[in-house]
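Data block below; observations after.
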């Protein structure tokens, strides 16, 4: 039997990914949804380091629905192994993720609110079935600096610096549809 401090050491060494796999193996279905959302949005920097949660500036305020609409409409958000497309017409959300046996695709809607919240709500289709998922991001702005966090418990990080930088998540938003063609291929398999 592991002592408490040994267990804490063990779990800290395993890391988030392995813990999600272990949780899924004992039947905790919500772990899949959370792990997929983290993977899709590249929530950790590409160098593998954990993102540090920032303290928001005092003057930061929630982005308005209009500001969020301008930020995301008719843009694709490139993910680690996939992409999302936020179509303006009818606020359609389309996405794909993974490859081979892990490939999946999604169709649903995206919403924005004056509270700074943008949500992606869709049915994700994979070879082993379909699952409904809702992932939301909160946005705060201070001048030209945009902060984002994944709800409900994600830490705040700089989404877009006042002068955009290559490492900004904002740089992964592109004004073209990177999803529809791939989605149709996956859908017809």
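FYI, it's all coordinate maths here, none of it is from the lab. Just so we're clear, the structure is a prediction, and the values are computed from it rather than from any experiment. With ideal geometry, Cβ positions are generated from the backbone for all residues, glycine too; neighbour counts draw on all protein chains shown.
Report the gain in length on full extension from residue 123 to residue 166: 0.36 nm times residue separation, minus Cα-Cα distance, nm rounded to one decimal.
Working: separation 43, 0.36 × 43 = 15.48 nm, distance 3.16 nm.
Result: 12.3 nm gained on full extension.
Ordered by packing density, taken as the mean number of other Cβ atoms within 10 Å over each peptide's residues, highest first, how do 84-95, 53-64 rank? It would help to have the intermediate numbers written out before the result.
On the way: 84-95: 18.2, 53-64: 13.5.
Descending mean neighbour count gives 84-95, 53-64.
Measuring from centroid to centroid over Cα atoms, what is the spacing of the stretch 158-189 and the stretch 69-148 in Å?
Each part's Cα centre sits 10 Å from the other's.
Please give the length that would be gained between residue 78 and residue 102 if that part of the chain were fully extended, namely 0.36 nm times their separation in residues minus their C-alpha to C-alpha distance (nm, one decimal). Walk me through the intermediate numbers first.
Numbers: separation 24, 0.36 × 24 = 8.64 nm, distance 1.77 nm.
6.9 nm is the gain from fully extending residue 78 to residue 102.
Compute the length gained on full extension between residue 180 and residue 90: take 0.36 nm times their separation in residues and subtract their Cα-Cα distance, giving the result in nm to one decimal. Intermediate results must be reported in sequence, preceding the final value.
Details: separation 90, 0.36 × 90 = 32.40 nm, distance 1.53 nm.
The residue 180-residue 90 span can extend by a further 30.9 nm.
Could you run the Debye sum over the Cα atoms of the stretch 61-187, one equal point scatterer each and no solvent, and tell me log10 of I(q)/I(0) at q = 0.10, 0.18 Å⁻¹, two decimals?
-0.31, -0.98
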